[in-house]
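The values are calculated or read from the model by the stated rules, or taken from the named source; none is laboratory data. Remember, it's a predicted structure, so these values are computed and weren't measured experimentally. Positions of Cβ are generated from backbone atoms using ideal geometry, with glycine treated the same way; all protein chains shown enter the neighbour counts.
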Amino acid sequence: MVSRSEAAHHPGVTTGILAGLGAGALWGLSFVAPRMLGGFAALDVTAGRFITYGIVALAMMGWGLRTRALPTGRQALAALGLSVLGFTGYYLLLVLAIRDMGVALPALIIGTIPIWVMVLGKPQGLRWVALLPGLVLTVAGLVLMADLHGGDAAAGQAPAAHFGRGLAFAAGALVSWTLFALLNAAWLRRHPEVRAGDWANWLGVATGLGGLLLWLAVGTPAARLAATPGVGWFVLLSFAIGFGSSWLATLLWNTASQRLSASLCGQLIVSETLFAILYAFLWDAQWPTAAQWAAVVLFTLGIMASIKAHR
């Protein structure tokens, strides 16, 4: 994945790769968490994760207040808007998609984000024909996975009546995070004075605020939520994905982004999809079929081909 010459010029490349893979492993947990919390509303799962993220980020800002900057009003508004695209709004759509059609297909759809970011942000020197192999492989994998959805017990598929609705939710989540990736990168390029760690914490506080407002507006009342069977598991898992899949994963991804080229970072996003599918099959104690393996291979090869073309 990394040539000797590239490693020689980038001594931190191994650290970056490990950090990127770690972020992917943590992000993958967010796909299977709704399956593990089937007795709770999708909105409550979303709010629990991001309120936790906000609390952790706020604590980290307080801990390093003497050495960390505070956002200006415009920076705070930017963080709030981007937090909706990249966190609260995106994850709510994803949770709804998973509830309607299981984990595997939403994970694969979301896994195409690197390609969409690459297509929409294509450098002027890159020819469109160079992107074709990766796009064809990825679409082939998604079509194969979609054909399997009706009998995919491991993915916990819902009845066919809910599949179209779930597909719409997954597509909405894809659009939301793709916009976040493009706008967030553009914002950081315009503000090189903002450190990656500070920006991750500001996004976290904004995300926590958005999650809290969302829950207060349309979430399950606290008394009823507390009386729901399994609430202790809900709190524990909310902390796990709020701390791990949000705050820690964001810091790990920042580390990878600082040490690796954009092409290598894009390739490592594949790990999120693969870990999500792995967790789903482990949770259901079932093994993928040959066709499901083929879909995953096609999907992975498509991402890698697209990254190679971009590089």
Matching residues, the range 252-276, being among the aliphatic types (A, V, I, L, M) and modelled with pLDDT of 80 or more: L252, A276
Screening G242, G210, G232, G197 for residues that are of a type outside the set (V, I, T) and under 17 Å from the mean Cα position of the chain (by Cα) leaves only G242
L77: passes all of (1) within 18 Å of N184 (Cβ to Cβ); (2) of a type in the set (A, V, I, L, M, F, W, C); (3) modelled with pLDDT under 90 but (3)
Within the range 38-49, does at least one residue satisfy the condition of being surrounded by 22 or more Cβ atoms within 10 Å (Cβ to Cβ), touching a residue at least 24 places away in the same chain (Cβ under 8 Å), touching a helix residue (DSSP H, G or I) at 6+ places or on another chain (Cβ under 9 Å) and among the basic types (K, R)? yes
Hits in the range 204-234 (condition: farther than 26 Å from W177 by Cα, in contact (Cβ under 8 Å) with a residue 40 or more places away in the chain and out of contact with any Asp or Glu (no Cβ under 7 Å at 6 or more places or on another chain)): T228, P229, G230, W233
In the range 56-70, how many residues are of a type in the set (A, V, I, L, M) and assigned to a helix (DSSP H, G or I)? 6
Go through the residues of the range 38-49 one by one and say whether even a single one is modelled with pLDDT of 85 or more and within 14 Å of the chain's Cα centre (by Cα). yes
Report every pair of residues separated by at least 6 positions or lying on different chains whose Cβ atoms are under 6 Å apart, first residue within the range 1-26 and on the phi < 0 side of the Ramachandran plot, second of a type in the set (A, V, I, L, M, F, W, C) and at pLDDT below 50. V13/V2; V13/A7
Being crowded, with 19+ Cβ neighbours inside 10 Å, outside any helix (DSSP H, G or I) and hydroxyl-bearing (S, T, Y) is the filter here, so list the residues in the range 71-123 that pass it. T112
